[in-house]
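Worksheet: the structure to be examined is printed underneath.
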Amino acid sequence: MPQQKKRYPNNKRPGNRPKDNRKPNAPKKVMVEPKEKILTYYPDMNVAMVAEGLGLSNAAMIKKLMGLGLMTSVNQVIDRETVELIALEEGYEVQDEVITDVTRYDEMELVDDPKDMVKRPPIVTVMGHVDHGKTTLLDAIRKSRVVEGEAGGITQHIGAYQVVRNGEPITFIDTPGHAAFTEMRARGAKVTDIVVLVVAADDGVMPQTVEALDHAKAAKVPIIVAVNKMDKQSANPDRVMTELSERGLTPEAWGGNVPFVNISALKKQGIEQLLDVIQLVSEIEELKANPTRLAKGTVIEASLDKGRGPVATLIVETGTLKIGDYIVIGNTYGKVRTMQDDLKRRYQEALPSQPIEVTGLNEVPQAGDIFMAFKDEKITRQIASERQSRVKDGELKTFKKTSLDTMFGDLEQTDKELNIIIKGDVQGSIEALKNLLEKIDIDGFHVNVVRSTVGAITESDVTLANASSAIIIGFNVRPTAAVKQFADENGVEIRLYNIIYRVAEDIEAALKGMLEPTFEEVVTGEAEVRDIFKVSKIGTIAGCYVTNGVIKRDALVRVLRDGIVVYEGKLASLKRFKDDAKEVRTGFECGLSIENFNDIKQGDIIEASQLKEVEVK
């Protein structure tokens, strides 16, 4: 009878020693040290994201922030310094996000070895008022090349060209205007090194001159002033210097740092001196690029040519672009088939700062798109396809939303500076507001007023705000429905006020991380005043047509005249024909009167709103 194996309870042998089932040569188990705890930080991280990264609940995270003296909601963006403090407490190391996803190539920051960097030509944009000679100056500079023996070339418009001065090239970009320049910046293209501001010596500073100056200042590039039309008898360059110095451009002749060059584009006088000054400024800037890497740059303009297909004018910012290179531009791609300049001269390669017209693309890209060269066609196809699908899904970054709620978290990225555009009803209010905001200094953080002008908020303001990551402050002015929509599409915040100190309070509160409004004003509708009726004992009755939304009996109202607020108050009455009405909707007529206000005029816009309680998340 075979001998049975002894069974022990719980598979344990006497002496409580567990049975060793390992093979004789099996490796011993080694205790693995836990991986280092790392939190990846990226801009716009809010409380909830940081909590998730640290393995904390939202409540625990908010409690820790309260311990640091910060009252926050889960959706509020927090700055890097605060994130580091809490991460350290939890035993985490904070590291910045490194973009390795090639589909986000336009967001990648290319780091070059200093020994690979060589001097590159400056890229110059010419801006100014519409009749002050911008185009004449560009033509005069372009034609100056004929003297250098380049006659015979057929010049065509490709949006950018180079001229050679003292053996060194200078690149000029011919943009349609400052709006196009700013839109390109808004798309992430930092293509300009120097701005030449053209001002007519007989007209002086005009509205568009100021607008162009605002855009140039926001780009934070050196400005050279070209005082044009010096051949005219009415020319007064001192007046130009005075008017521009009042706007922060102090001439070198007066001890400032802005070069002023007197020219006559029509007579081709002073052009050589202007080119000399441009080269001098570019030497001070020490502009460099690495020509040994694959090219990266920006689309200046693009079109569909009947014979050649999609054609794009590119400016190479770094690297060298060669015939046969595969490139991704925005959401399309291609293989560089031909390269030529505005004189139709063919090139085999294009160096940094060189403008070049390229064919061989699959589709027409957009002005301002970033391009990058890759090693093979398969990669370029994949990247372009992935970018197209991400744009459709809304995943690819199209704009960066700037608001008071997010800007506190962006202090590290914005060099402790909040950009603001002020629009107001009168110059006195704007100056008072500007002075008040410029005095704000909390932990070295300050306000930078990008633009401050009288009048309604326009699409131009929104475009500038988008490019400058600025917030628009409206004081007693309102944007139209179209401008509101444009601002929403571009992620630009418009904040409206009627009391000066409230603006400063909100910004200071945001800086301290405590901006938590309990109520917000929601516009419910607009009505246009079409007729006026004077009624004794009652006052003025406005016959209105509701153009948008709904007007309610208990609404707060603003009276807008040419986009400027002339009165704020409450409705006194709301009627449909002779009957009282609780509300009147779009497309219907109504009669209304406003408490303590009888100066209603035909064409006024009545904007109705209600206060809505905001849930604290």
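Assorted remarks:
- Nearest-0.05 FRET efficiency for Val454 and Thr135, computed from C-beta distance (R0 25 Å): 0.30
- Cα gyration tensor shape of segment 243-325, rounded if a/c is under 1.5, else prolate or oblate by comparing a/b with b/c: prolate
- Sequence-distant residues sharing a close amide H with Thr359 (under 5 Å, placed H): Arg337, Thr338
- Ranking of His129, His215 by solvent-accessible surface, largest first: His129, His215 (1.4 Å probe, protein heavy atoms only, all chains present).
- The solvent-accessible area of Leu266, taken with every protein chain present and a 1.4 Å probe, is close to 130 Å².
- Cα shape, segment 233-291, gyration tensor, a/c 1.5 rule: oblate
- Qualifying trypsin sites (Lys or Arg not before Pro) in segment 422-468, DSSP loop, other Cβ atoms within 10 Å at most 16: Lys439
- Counting only heavy atoms of the protein chains and using a 1.4 Å probe, Tyr545 has close to 70 Å² of accessible surface.
- 3J(HN,Hα) from dihedral phi, segment 340-355, Karplus parametrisation 6.51/-1.76/1.60, rounded to Hz, x for glycine, proline: 8, 9, 6, 9, 6, 7, 7, 10, 8, 8, 10, 8, x, 6, 8, x
- Calculated on alpha-carbon atoms, Rg and Dmax of segment 271-364 in Å: 14.8, 44
- Residue-wise HN-Hα coupling along segment 485-491, computed from phi with Karplus coefficients 6.51, -1.76, 1.60 (Hz; x: Gly, Pro): 5, 4, 5, 4, 5, 9, x
- Listed residue pairs exceeding 29 Å between alpha carbons, taken from Lys115/Lys375; Lys232/Lys434; Lys534/Lys570: Lys232/Lys434
- Residue-normalised accessible area of segment 287-377, expressed per residue, 1.4 Å probe, Å²: 40 Å²
The values are calculated or read from the model by the stated rules, or taken from the named source; none is laboratory data. Because the structure is a prediction, the values reported are computed rather than measured. Here the Cβ is made from the backbone with ideal geometry for all residues, glycine too, and neighbour counts use every protein chain on show. Ligands, DNA and RNA are stripped out before the accessible areas are found, and what is left, the full protein with its side chains, is counted by its heavy atoms. Shrake-Rupley method; radii C 1.70, N 1.55, O 1.52, S 1.80 Å.
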